[in-house]
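Contents: one structure, followed by commentary.
Any read-out appearing in this document is the output of simple, stated calculations on the displayed coordinates, not a laboratory observation. Quick caveat, the model's predicted, so the values are computed rather than measured. No Cβ is skipped: glycine too gets one built from the backbone with ideal geometry, and neighbour counts run over all protein chains shown.
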Amino acid sequence: MSKQTSDQLKSSDSSTLVIRNVQLVEPGRGISSGDLLIENGRIAEVGSIPVTDTGKVRELDGQGRLLTPGLIDLHTHGVLNHFYAEGREDLLLGGKALAQFGVTTVLPTIVPQMEVGWLDKIAEICAALDDVRGVNMPGIHLEGPFMAIKGTAAATLEGDLEMLKDIVAACGGRLRVMSLSPETPQIIPVIEMLRENGVTVFLTHTRASVEQTESAIAAGATHATHFYDVFYSPPETDMGVRPVGAVEAILADRNVSVDFIADGIHVHPAAIKAAVAAKGYSGVTLITDSIVGAGLPPGRYDTPWGFQVQLAEGDAPRTVEGNHLAGSSLTMEQGMRNLLSWLDLPPEQVWAMGTGNPADVVGLKEVGRLQVSDWADLVLWDDDLRPAQTWVRGELAYNRSQS
C-alpha cells in the first residue's frame, strides 16, 4: 500500500484511498477510532480496515484527527468576492472556493430582483450548476419573491401562481428551496404548488400570527430559515402580556425544523439553546446566510443589491448607509466551531447540525453521513478544528498544506 502524508496528496489523485487513524464522526450517533476507505468516489468501508499490499491502494495517516462528513450550507448568497446572483462566473468561482471552508454541498441562494430579465438570470444560474467543480450544487434556494416584509433586499409580492409557474419552468427542475412569508396574501396555493413540484418550503421574513403560521405549516412549509432574524412579534395589545406569533408557532411544532446564523451577532447562543430544547438537536441546522466578504478581511464591498456593505473585524456586514445588518460574513467552519463551543451537547450531535441535519431538511440522499455507499464528501480537521483536507465525491478538493 502506498503511504502518503497530507502534503503529498494532490487534487489529481483519484485512485482508491484509505484514510487511517482518524476519529470518525458519525453525526448524531457517535465518534469512534478507525479508518475509512474511498473507492470510485464513494465510501466503501468504515472501521478497522486491513492493510493490503496490492500497490493499488493509497494510504493517508489522519494522525488521530477528526474526519467528518462535508458541511452542507442551505442558505448562502456568496463567498469571498463572489456573489451567486451575478451569474455563471461567480457561481463557478464561488463554488470552487468553498472546500477551504469544509463545505462540500451548497444551495446557492438568490434573492429575486424583479427586474427585466430576472427569470433569464435564474435560468442561467440553474443551467450552470452542473458545471461547478469542487462542491456539489444540487439546486438553488430562492429567498423570495413572495415576501410580506423586506429584509435587506427581498421583494414584496402577493402569492401569484402564474409567476410561480414561470419560476419553476426557468429553474428546469433545479429549484430546491423557496423561502417565503406565511402572511403573504394568497400564499397557501403557492406553498401547495411548490410542494407538488418537490420544492422544500422555508418560512422567513415575517410578522405572521400563530394562525397564519400554522396554516402555512399545514399547507406544507417544513422549515424556518435564519430563525429569529426578521421574525417579528405582533404588537403588544395588553400591557404586560407577551404577544405570540410565528416564532412561538414554529417552536411549538416538532415537525418544523429551524436554522441559525451562528455568528454570535445575528442570534444569541441562548436563543439557539432554547430552540435545541424545543426541537432536539436533529431539528436545528447551521447556515451562514453569507454574502460577499465572507472569508475576506475587513473592508467595504459592493453587492448586486445596489448598496455597499462595510465589514469590520468581529462583526457582520452592515450597510454603509444606515448601518443595518445585511447577511453575514460567517463561514461554515467558524459556525461549527461556535456551536461546539456554545452548546452543551455531545459533539456528534453538534456536528449533525452542519452535516446530516441539513441533508435531511431538503431530502438530500447519500451525503451528510459516514455510511457505506454514500458519496465520499469528507473533511479532515486539524487540531484547531480548521479544515486540513476536503474531499468531494472522493476527489481531493482542498489541501491546506498546498494552498
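Points to keep in mind about this one:
- Sequence of 115, 143 once ranked by neighbouring C-beta atoms within 10 Å, starting from the fewest: 115, 143
- Lys pairs under 30 Å by Cα in the chain, provided they are eight or more residues apart or on distinct chains: 18
- Euclidean distance between Cα centres, segment 340-403 to segment 200-240, Å: 31 Å
- Distance distribution note for segment 218-335: the fraction of Cα pairs above 24 angstrom is 37%.
- Percent RCO, i.e. relative contact order, over the chain, from Cα pairs under 8 Å lying at least 6 residues apart: 21 percent
- The residues 35, 166, when put in order of fewest to most other Cβ atoms within 10 Å, stand as 166, 35.
- Each peptide in 323-330, 168-175 gets a packing score, the mean of other Cβ atoms within 10 Å over its residues, and the list from highest to lowest is 323-330, 168-175.
- Summing charges over neighbours of residue 331, with a neighbour being any other residue whose Cβ is under 12 Å away from its Cβ, gives -2 when K and R count +1 and D and E count -1.
- For segment 341-403, the Cα-based Rg and Dmax, in that order, read 13.0, 35 Å.
- With each label modelled as a point 7 angstrom along the Cα→C-beta vector, the residue 120-residue 371 pair spans 4.3 nm.
- For 223, 77, order by how many other beta-carbon atoms lie within 10 Å, fewest first: 223, 77
- Segment 86-218: C-alpha gyration tensor shape, a/c 1.5 cut-off, then a/b vs b/c: prolate
- Listed residue (32, 78, 286) projecting farthest to the positive dipole end of the chain, Cβ model: 32
- In segment 275-403, the inverse of the mean reciprocal separation of distinct Cα atoms equals 16.7 Å; this is its Kirkwood hydrodynamic radius.
- Diffusion constant of the chain at 37 °C, which comes from Stokes-Einstein with the Kirkwood Cα-pair radius and 0.692 mPa s, µm²/s: 152 µm²/s
- Here the Gaussian network model covers the chain, with springs between Cα atoms less than 10 Å apart; of 343, 180, 36, 343 fluctuates the most.
- For residue 382, distant residues with modelled amide H under 5 Å away: 388
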